[in-house]
Structure formats: structure tokens, C-alpha cells
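Since the structure comes first, as C-alpha cells, the remarks are kept for the end.
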Amino acid sequence: MEPQAIRTTASSTRIHMIRKGMIAGFPIMLGYLPIALTYGVLASRTGMTNLELTLMSVLVFAGAAQFLAVGMVAAGTGMIEIIIATFVLNFRHFVMSLSFVNRLKGVALKAKLPLSLGLTDETFTMSALYKDEAREKYGGFFYASLILTAYLSWVGGSYLGGVLGDVMPARLSDSMGVALYAMFIGLLIPSVKKNFKIAGIAVLAMLINFICQTWGMTQGWAIVMGTVLAGFSGVWILEDEEVTE
Amino acid sequence: MIIWMVIGMAVVTAVPRFLPALIVGFVTFPKWVDRWLNAIPYAALGALIFPGIMSVKPDAPQIGVIAGLVGILLAWLNVHIIFVVLGAITSVFLMTL
């Protein structure tokens, strides 16, 4: 540890962690805003009130499932079917949460529970690549601030979409649809450069997901299959990490 | 009616998210399970990128793929992630002009 870090007072470390989390969450914000705006616009078009569509973002906080629900409401699908489809689509977060909380062994359960509720594809993958923070003091503040940055931009963007309607030029919002994919790529490549075998895990997951969807599996289960099965290749590919506490 | 749907969606989304937090605290996994869980982020990234990226422009899947390649190139050159994202957005924007 650097001597400077020892001298730093507790409160400034906390603020430092919060600020670091916000910076790490910023790319997610950039990706979420246009999608949340679009969600708000579509949801209000199907006749949902601003309160309802914002409440869905507050309570569910899962982009793909919310789009699916809006589409199914518009198509007149029953409530039970929508809830089952949501479960299937979001079950992948169970696997991600397992991986997430396994890293946060030093964080108290009362902090881990609310953090785990904020897991999305984006907050999970971003957090996973900032793994050193899990062992640092006030690491929980880092993840909390990262997740809150993403959460507030999702909820705020949904509300704005519902209130303002189509404010973004269509061509711009269409182009921004690539943002989250680019973010995933930007997260993956640095790890691949450090350990080329990681590319093998990712490509295997792509292939499994692709094959499962070609066989007619729903997107939700195909992503779960790709993540779980390709993750197993890591048992042989990855090395044990030094746990220093 | 919508409100009950929202509550139902919230419950089936929240339970899989927080359940692991309750489980993992009480069990110590063997080393191979730790390695599996450590590989999950990379596998998830792969599964989230492809084939989803081809649906950026559903009628022209090559646009998403090309933007993805631009992203890979920028990330490979150690460009900050914000500019990887902006670079990919710009390339889709230019390709759809």
C-alpha cells in the first residue's frame, strides 16, 4: 500500500470511492439515457401513465424486460404471461449475482442485499471488471455509487421519455442503440489483452448463445446457457486468484 | 391492473437478484467453483455482445458488426471506454446517413 493511502482520512476515502463509482458508472449512463427515453416514449404510447411507466423503472430496473412488457401490453397479452416472460428474461441475473456476491465477501450482508438488487447486465459487467475495489476499504461505496448512477439515469430517462415524448432525433437515438454493445466490448477487450484465453471464454459464450437461439430457445434462456456453460470453461482456463485480506 | 403487473415483474426480477446474497455468505465454495464464478463476467459479456449486436439495425446486421469491430479496434488501442462507445455510435451514425 502506498504511504499516502494510509494518511488519507476515512471520510475522504469514502468520498473518493463514491466519486470513483460515479466515473465508472458514467459510460452506463450514456448507454442508458437514450434507451430509457425510448422506453418512456413507447410506454406512454401504449397508454401507460407517467406514474406507471416510471414506477416500472423504479421497481423492476431491467431494460429488456420492460421493453418486452410494453410490447406485450400493446399486444394485449395477459398479465401472468408478461410476468413469466420477465422471469425467464431476467433469470440470468441470478447467475451474475452469484458471481458478484462471491467477490464481495468483505461487504456486510445488509449492504450486499441492496447492491444485488441493482444488478443489471451493465452494472454487473462493469463492477466485475473493477474487482480490486471489492477488497479495498469502503469498497461497498464504490459499487453503490456505480449502481446508483446507472439506476438514476434509467429512472430519470424513463420519466423524461414519458413526459417529453420524442425529443431525440430518430437517427441519433437509432445510432445510440449500439452504445451498450460498444460498452460491453470496451469492458471485454482490456481483459483479453491481459489474458488472451479470456477471449476463448467470451467467444464460446457467443457461440452457445447463438446456437441456442437458432434452435428456438428464448433470448433469456440462451443467454443463461451461454453464460453458465462458457463460464465452466473458466474452471480450466482461469488460474486461482490470490486472496489477500 | 398495470400496477399489479409491475409488482409481479418486480418480484420475479428481484428474487433471483438477491437470493445469491443470502446463499453465498454461508457456504465456502471449492476453488473450481470460484474459478467458474470468476469466469462468469467474461462469458456474460460474450453472450451479451453476440448475436445481439446484429440487431442494432435489424434490416442491416453488418452495421452493428462493423461498429463492433470499430469498438474492438479502439479498445485495443487503449482508448478510454467513453470514446469506445462514442466511436461506435459515430460509426453507426455515419453508416446510416
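Listing for the model above:
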{"quantity": "Pairs where the first residue, in the stretch A:125-136, is in contact (Cβ under 8 Å) with a residue 40 or more places away in the chain and away from chain B (no Cβ under 12 Å) and the second is of a type outside the set (D, E) and assigned to a helix (DSSP H, G or I), C-beta under 6 Å, 6+ apart", "calculated": "A:E133/A:G139; A:E133/A:F142"}
{"quantity": "Residue match in the stretch A:40-56 (condition: part of a helix (DSSP H, G or I) and within 17 Å of the chain's Cα centre (by Cα))", "calculated": "yes"}
{"quantity": "Subset tally (residues that are over 18 Å from A:T120 (Cβ atoms) and either in the same structural domain as A:F91 (by TED's automatic domain parsing) or aliphatic (A, V, I, L, M) (or both)) for the stretch A:205-221", "calculated": "5"}
{"quantity": "Breaking point among (1) over 21 Å from A:D132 (Cα atoms); (2) in contact with an Asp or Glu (Cβ under 9 Å, 6 or more places away or on another chain), for A:M183", "calculated": "(1)"}
{"quantity": "Top-ranked residue of the stretch A:207-220 - restricted to ones that are farther than 18 Å from B:W36 by Cβ and part of a helix (DSSP H, G or I), ranked as nearest to the other protein chains (Cβ to nearest Cβ)", "calculated": "A:F210"}
{"quantity": "Residue satisfying all of: in the stretch B:81-94; over 12 Å from A:M183 (Cβ atoms) and surrounded by fewer than 18 Cβ atoms within 10 Å (Cβ to Cβ); farthest from the chain's Cα centre (by Cα) among these", "calculated": "B:L94"}
{"quantity": "Qualifying residue in the stretch A:227-245 (condition: surrounded by fewer than 15 Cβ atoms within 10 Å (Cβ to Cβ), part of a helix (DSSP H, G or I) and out of contact with any strand residue (DSSP E or B) (no Cβ under 9 Å at 6 or more places or on another chain))", "calculated": "yes"}
{"quantity": "Sole residue being under 22 Å from B:V70 (Cβ atoms), more than 7 Å from chain B (Cβ to nearest Cβ), buried (at least 17 other Cβ atoms within 10 Å of the Cβ) and under 20 Å from the mean Cα position of the chain (by Cα), chosen from A:L188, A:L180", "calculated": "A:L180"}
{"quantity": "Filter result for B:I63 (within 16 Å of the chain's Cα centre (by Cα) and at negative phi)", "calculated": "no"}
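The values are calculated or read from the model by the stated rules, or taken from the named source; none is laboratory data. Everything numeric here is computed off the predicted structure, so don't read it as measured data. Note that we place each Cβ from the backbone using ideal geometry, even for glycine, and neighbour counts take in every protein chain shown.
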